[in-house]
Amino acid sequence: MPVIWGQQQSYLMKQLRDFRSGERSSAIMSPLAKNLAEGDLRKIAAYFAAKPWPQRASAQAPSPPKGIAQCQACHQPNFEGGMPAPRLAGLSYEYLVAAMRAFAAEERTNNLDMPKFMQVLPESERDAIARYLAAL
């Protein structure tokens, strides 16, 4: 499960719209978003984006892994996100590795660039990237 409080508002809006339209599928989120009006989506996204990112104690971040530089173009040098991409720093390892695997397998397709990026990375590099980002 991703952290959504403190996440980029534009990203939250896109995901809510995608859950509502069916472009992104989730047994939990799709039925919740299905009947929400655009104004409700805006309020929900603004509410969660305004909350502070949860602080947690973490071990020293490992050295940046191979392949991480391509992520910085959209997710920003510190991986805190910005237009157009979400924050990755501090998301759970489990969520990150599952999302990257879903993009690589084209099970998640609500971003046109991510499947291509993830398909060129071997699973071991995706795993190293997920561990690195989770530790930030």
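The table that follows gives values for the structure above.
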| read-out | value |
| --- | --- |
| Residue within region 65-85 that is part of a loop (DSSP other than H, G, I, E, B), small (Gly, Ala, Ser) and either under 13 Å from the mean Cα position of the chain (by Cα) or at pLDDT below 95 (or both) present | yes |
| Residue match in region 100-112 (condition: open to solvent by 40 Å² or more (accessible area, probe 1.4 Å), of a type in the set (Val, Ile, Thr) and over 11 Å from the mean Cα position of the chain (by Cα)) | yes |
| First in region 104-132 and farther than 12 Å from LYS66 by Cβ and in a helix (DSSP H, G or I), second anywhere and at pLDDT 95 or above and of a type in the set (Gly, Ala, Ser), Cβ under 7 Å, 6 or more apart | PRO115/ALA104; MET118/ALA104; GLN119/ALA104 |
| Residue list for region 1-38, filter: outside any loop (DSSP other than H, G, I, E, B), touching a residue at least 60 places away in the same chain (Cβ under 8 Å) and open to solvent by 50 Å² or more (accessible area, probe 1.4 Å) | LYS14 |
| Residue selected from region 86-96 under the condition part of a helix (DSSP H, G or I) and open to solvent by 20 Å² or more (accessible area, probe 1.4 Å), by the criterion nearest to PRO64 (Cα to Cα) | TYR93 |
| Yes/no for MET83 being under 15 Å from ARG24 (Cα atoms) and either open to solvent by 60 Å² or more (accessible area, probe 1.4 Å) or touching a residue at least 12 places away in the same chain (Cβ under 8 Å) (or both) | no |
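The values are calculated or read from the model by the stated rules, or taken from the named source; none is laboratory data. Note that the structure is predicted; figures quoted are calculated from it, not measured. Heads up, the Cβs are rebuilt from the backbone with ideal geometry, glycines too, and the neighbour counts pull from every protein chain shown. Ligands, DNA and RNA are stripped out before the accessible areas are found, and what is left, the full protein with its side chains, is counted by its heavy atoms. Shrake-Rupley method; radii C 1.70, N 1.55, O 1.52, S 1.80 Å.
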